[in-house]
Amino acid sequence: MIEFNQADISTLNLLLKNKKKIAILTHVNPDGDAIGSSLGVFHFLNNLGHDVTVITPNEYPLFLQWLPGNKNVLVYSKNKSKGKKVLHEAELIFTLDFNHVERIDWLKKIFSETKAKKILIDHHPNPENFADLKFSDTNVSSTAELVYLVIKKLNKTDKIDVNAATCLYTGIMTDTGCFNYNCSNPDTFKTAAGLIEKGININIINSSVYDNYSADRMKLMGYSLHEKMQLYPEYNSAVIALSQKEMQQFNFESGDTEGFVNLPLSIKGIVFSVLLLEKKDHVKLSFRSQGNFPANEIAANYFEGGGHLNAAGGKTKLSLEEAIAKLEELFKQYKDNLQNAF
Ligand code: 5GP
Ligand code: MN
């Protein structure tokens, strides 16, 4: 069971005592845990009577836009003046699901200028020191689970309604790949049980996230596996790279490639999988690994990124071809680790 610093819990309790203007901020390209934990905190704070706004740096996939409270999310890139105003006026800012200010990208400067007290809740390794209060633990499945545990420690689970529970469950579900990884700790299932007790419908949550894709997305997945997956059996690795043109051929929409990077890990022997996506002015990389192979080390040391041991991301200014060549060099360099991940 995670141990919280009692003084931090008391301080948070005090901060939440009187009605406040609160902003909730999460990372760029928000995923299910980012949006799920942010909206979970949004509903919780609303239920405590606060004036709350969730801010994301940019848009997020359609499969997260059904979540209760979604219409209250302010997408900064679409409404900068309102976003600035909310951040400047906030008395408290919750920073969720990120450990470095780099992760909020173009919001970094304005964030550093804000006067609000900052409260970090996050499960990524080695968080920077930008918050006044830090609830950080890498052993929890997800930020959403950590949010639940903090609320429990505050003795306020009665303020988690079915909407908050739906959002938090979605965060846990997506960050654990439907309770497949990062969830060997029984506490994760106790948290899920606590959320289910709030009356959520896990069938609807599951199908809203996973059964809402376009036919084009399924075809892009088939194309990625059949035409684009490169296997490196001697390095236990796999690479899929998609150009902008290829994505456009399948009417790409944000979120369509979500999950693709995990697919090669189903192949016997593959312990490291990389997905490269060509963007307008850079290439985005997603890394997934198994066992003790450090995906985050590759991301941090070679691709301006970071993340968890087994799930990380980064970017590069190299072309797709050059980035693949760089990866191939890294496979050679890390051959021993790739062959001994278990
Ligand atoms: P994804 O591959 O789904 O984009 O990202 C997987 C995980 O890697 C994220 O949950 C996040 O922890 C991390 N990550 C992704 N992109 C970046 C990045 O550009 N910088 C850092 N520091 N972490 C990233
Ligand atoms: Mn997360």
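The values are calculated or read from the model by the stated rules, or taken from the named source; none is laboratory data. Since the model is a prediction, treat every value here as computed from it, not as a measurement. Heads up, the Cβs are rebuilt from the backbone with ideal geometry, glycines too, and the neighbour counts pull from every protein chain shown. The accessibility values were calculated without ligands, DNA or RNA, using every heavy atom of the protein model including side chains. Shrake-Rupley method; radii C 1.70, N 1.55, O 1.52, S 1.80 Å.
Worth pointing out:
- Taking the criterion of being part of a loop (DSSP other than H, G, I, E, B) and within 14 Å of Asp132 (Cβ to Cβ), the residues of segment 1-19 that qualify are Asn5, Leu16.
- Candidates in segment 289-341 are the residues that are aromatic (Phe, Trp, Tyr) and either within 16 Å of ligand 1 (Cβ to nearest atom) or modelled with pLDDT under 95 (or both); of these, the one that is most open to solvent (accessible area, probe 1.4 Å) is Tyr302.
- Candidate set: segment 289-315, residues that are in a strand (DSSP E or B) and away from ligand 2 (no atom under 14 Å from the Cβ); chosen: the one nearest to Leu338 (Cα to Cα): Ser289
- Check on Asn251, modelled with pLDDT under 95 and touching a helix residue (DSSP H, G or I) at 6+ places or on another chain (Cβ under 6 Å): no
- When Asn180 is tested against (1) assigned by TED's automatic domain parsing to the domain that holds Trp66; (2) within 16 Å of ligand 1 (Cβ to nearest atom); (3) in contact (Cβ under 8 Å) with a residue 24 or more places away in the chain, just one condition goes unmet, and that condition is (3).
- Among the conditions (1) without any contact (Cβ under 8 Å) to a residue 40 or more places away in the chain; (2) open to solvent by 20 Å² or more (accessible area, probe 1.4 Å); (3) within 19 Å of the chain's Cα centre (by Cα), Ala193 misses just one, which is (3).
- First in segment 131-153 and closer than 15 Å to Leu195 by Cα, second anywhere and in a helix (DSSP H, G or I) and open to solvent by 50 Å² or more (accessible area, probe 1.4 Å), Cβ under 8 Å, 6 or more apart: Ile151/Lys159
- Test result for Phe287, touching a Leu at 6+ places or on another chain (Cβ under 6 Å), closer than 24 Å to Tyr213 by Cα and aromatic (Phe, Trp, Tyr): no
- Residue within segment 10-25 that is open to solvent by 70 Å² or more (accessible area, probe 1.4 Å) and among the polar types (S, T, N, Q) present: yes
- Close pairs from segment 257-270: first open to solvent by 50 Å² or more (accessible area, probe 1.4 Å), partner in a helix (DSSP H, G or I), Cβ under 8 Å, at least 6 apart: Glu258/Phe63; Leu263/Met221; Leu263/Ser224; Leu263/Leu225
- Taken together, the residues in segment 94-110 that are within 16 Å of ligand 2 (Cβ to nearest atom) and either open to solvent by less than 10 Å² (accessible area, probe 1.4 Å) or outside any helix (DSSP H, G or I) (or both) amount to 8.
- Identity of the residue in segment 20-41, within 18 Å of His88 (Cα to Cα) and not in a loop (DSSP other than H, G, I, E, B), that ends up nearest to ligand 1 (Cβ to nearest atom): Thr26
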